[in-house]
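This report concerns only the one structure given below.
Each value in this text was obtained by applying a stated rule to the coordinates, not by laboratory testing. These numbers were taken from a predicted model, which means no experiment stands behind them. Glycine also receives a Cβ, built like all others from the backbone with ideal geometry; neighbour counts cover every protein chain displayed.
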Amino acid sequence: MKPKLLLSSSIDEVAERVYQRVKRATNCAKPRLLFITTAAEVEENVSYVELDRKALLNAGFQVMPFTLTHKTTQEIEQAIKANDTIHLNGGNSFYLMQQIKLSGFDKLIKSWLKKGKIYSGSSAGAVVAGPTLDLEKYYDDPLTAPKLRSLKGMGLIDLIVYPHWGNPYFKKDFMKKKNLELFYSCRKKIILLPDNSLIETDGKIIQIF
């Protein structure tokens, strides 16, 4: 199966598996990866960004750091064109979705996926690939995205990814009654994704490893 989407909670834990799939799909030993760190721009602790970048480098990728913020459509399109895989890294889902909309990245990536590019998203990057950010409102701060007019995601997959399930650091927030009630009442398809798991889909078949 040639992947269109590779979704994870923590890219540093699955970087090798992502690399192997991209290598096989592109027939390239050193595939190029656009490392989009936009979601971290409103975070206080961004130490994980460097850990993720190093994990991708060590796995075998050529990594090109990039942000959507203040970029033109032409600049984004050129960056996508120059890389095999487009990776949206973690951070604040609402801020990331705002910058996706402001930059027009959502329209561009859908076009390039049809041309064979691979989308990789971890944490917030996995969340925004789905149909809605509604489940994130008790986890991420929506006030970081004052220009975001809708909680709709990019709709690249008809599945809500809720990242970091089982991670002790997030347990307190996950176990809040209002969060559990939200999960239970949600009528959409949800995956509670552990940090060591990877979702792979070609647009038709969804597999979890």
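When +1 charges are put on Lys and Arg Cβ atoms and -1 charges on Asp and Glu Cβ atoms, the dipole computed for the stretch 5-208 relative to its Cα centre reaches about 700 debye. Spin-label model, Val46 to Lys110: label points 7 Å out along the Cα-to-beta-carbon direction sit 3.0 nm apart.
With a ≥ b ≥ c taken as the square roots of the eigenvalues of the C-alpha gyration tensor of the stretch 108-154, please select rounded if a/c is under 1.5 and otherwise prolate if a/b is larger than b/c or oblate if it is not?
Working: a/c = 2.74, a/b = 1.98, b/c = 1.38.
Taking the square roots of the gyration eigenvalues as a ≥ b ≥ c, the stretch 108-154 is prolate.
When its C-alpha radius of gyration is set against 2.2 N^0.38 Å (N residues), the stretch 33-98 gives a value of 1.10.
Tell me, Val14, Val127, Val46, Val63 in order of fewest to most beta-carbon neighbours within 10 Å?
Ranking Val14, Val127, Val46, Val63 by Cβ neighbours within 10 Å, fewest first, gives Val46, Val63, Val14, Val127.
For each pair in Lys54/Lys171; Lys2/Lys110; Lys4/Lys204, compute the distance between the two Cα atoms and list the pairs where it is over 20 Å.
Details: Lys54/Lys171 27 Å; Lys2/Lys110 16 Å; Lys4/Lys204 10 Å.
From Lys54/Lys171; Lys2/Lys110; Lys4/Lys204, over 20 Å: Lys54/Lys171.
Does the stretch 1-79 come out rounded, prolate or oblate by the C-alpha gyration tensor, with a ≥ b ≥ c the root eigenvalues, rounded set by a/c under 1.5 and, if not, prolate when a/b is larger than b/c and oblate if not? Since a/c reaches 1.5 but b/c is at least a/b, the shape of the stretch 1-79 is classed as oblate. So if I take the alpha carbon set of the chain, get Rg, then get Rh from the Kirkwood formula, what is the Rg over Rh ratio? My calculation of the ratio gives 0.93.
Within the stretch 1-42, list the residues whose amide N lies under 18 Å from a label point set 7 Å along Cα→Cβ of Gln207. Output list for this probe position: 1-9, 14-28. A Förster distance of 35 Å, applied to the separation of the beta-carbon atoms of Glu75 and Leu192, puts the FRET efficiency at 0.45. Which of rounded, prolate or oblate describes the stretch 62-183 when judged by the alpha-carbon gyration tensor and an a/c cut-off of 1.5? It is prolate, given that a/c is not under 1.5 and a/b is the larger ratio. Spacing of the modelled spin labels on Cys28 and Asp141, each 7 Å from Cα toward Cβ, amounts to 3.7 nm.
How do Met64, Met97 rank when sorted from fewest to most other Cβ atoms within 10 Å of their own Cβ?
Met64, Met97
Cross-link partners for Lys172 among the lysines, with Cα-Cα distance under 25 Å and sequence neighbours closer than 8 places in the same chain left out: Lys137, Lys188, Lys189.
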